[in-house]
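First up is the structure itself, then whatever we jot down about it.
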Amino acid sequence: MNLIDGKLIMLDTETTGLKPEDGHRIIEIGAVVVQNREVTDEHYHQYTQPNFEIDAEALAVHGITQEFLSDKPTFERIVDEFVDFVKGAELVIHNAPFDVGFINNELLLCGKDFRLEDICKITDSLTVAKEKHPGAKNNLDALCRRYGISNEHRTLHGALLDSEILGQVFLAMTGGQTHLDLSVSQDCGLQSLQFNLDELPPLRAIKATDAELAAHEAWLEKHGGDEKTFVWQQK
């Protein structure tokens, strides 16, 4: 994963329900480009007509209604422009198996003979979060709170908005120093630093006194056993 010079695409979808095998479809897809560790204005966003009923539970999450989608294009009409946008990129997706499963289902329904992972590298940011924060909540809202990222404008889920937020969260999770070049061309001249060991002062050897040795032996006698036994008991 190259976060210095590379191009990453944050991606999210909204759907009619949870399982494409039950006929559910994508109704919104959003993607935002992160370039050189900055969330850019370059993005892809599209609502699609699913020709499938939206579950009440899903509607409560994203608020996208059947009426709103009535004049939107089907996924088949936008699939080529979507593929052109993401092809060859590294996609960062929160809970990637869910979104990838839906996108692959749409590709299949459109007659494509490839899967998303065949044309893109997939990084699951949820897996990254779980590795960094095991046992903690790692949804986007929880990560925003953890990293101090404002998401007050996120009252409902939305593919483009969530992609933008994911970009900020992912950069925060993978933050810190990501590149250190210590080549001889550096102006700081670190490579030219050398140490002459002969110029260092001699090491001093400090030995225990007879009284200290006697006290040590008395301690071992009192506690029964040797020093190694004591160390293992403290682990």
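Since every read-out is calculated from the coordinates, none of them should be taken as a lab result. What you see is a predicted model; the values in this text were computed from it and never measured. All Cβ positions, even for glycine, are placed from backbone atoms using ideal geometry, and neighbour counts span all protein chains on display.
Assuming charge only on the beta carbon of Lys and Arg (+1) and of Asp and Glu (-1), the dipole of region 7-173 about its Cα centre is about 660 debye to the nearest 20. Expressed as a whole number of Å, what is the distance separating the alpha-carbon centroids of region 94-147 and region 25-56? After rounding, the separation between the Cα centres reads 13 Å.
For region 7-173, DSSP calls about 65 percent of its internal beta bridges antiparallel. The relative contact order of region 7-173, computed from alpha carbon pairs under 8 Å that lie at least 6 residues apart in sequence, is 28 percent. The string of couplings for region 147-162 from the Karplus curve (6.51, -1.76, 1.60, θ = phi - 60°) is 9, x, 9, 6, 9, 5, 7, 9, 7, 10, 6, x, 4, 6, 4, 5 Hz, one whole number per residue in order, with x for Gly and Pro. Packing order of peptides 110-119, 93-102, highest average first: 93-102, 110-119 (average count of other Cβ atoms within 10 Å over each peptide's residues).
Working value for region 45-133: equivalent-ellipsoid semi-axes of 24, 20, 11 Å, each the square root of 5 times a Cα gyration tensor eigenvalue, largest first.
Cross-link pairs exceeding 31 Å in C-alpha to C-alpha distance, out of K72/K112; K72/K137; K19/K112, comprise K72/K137.
The percentage of C-alpha pairs in region 7-173 whose separation is greater than 27 Å is 22%.
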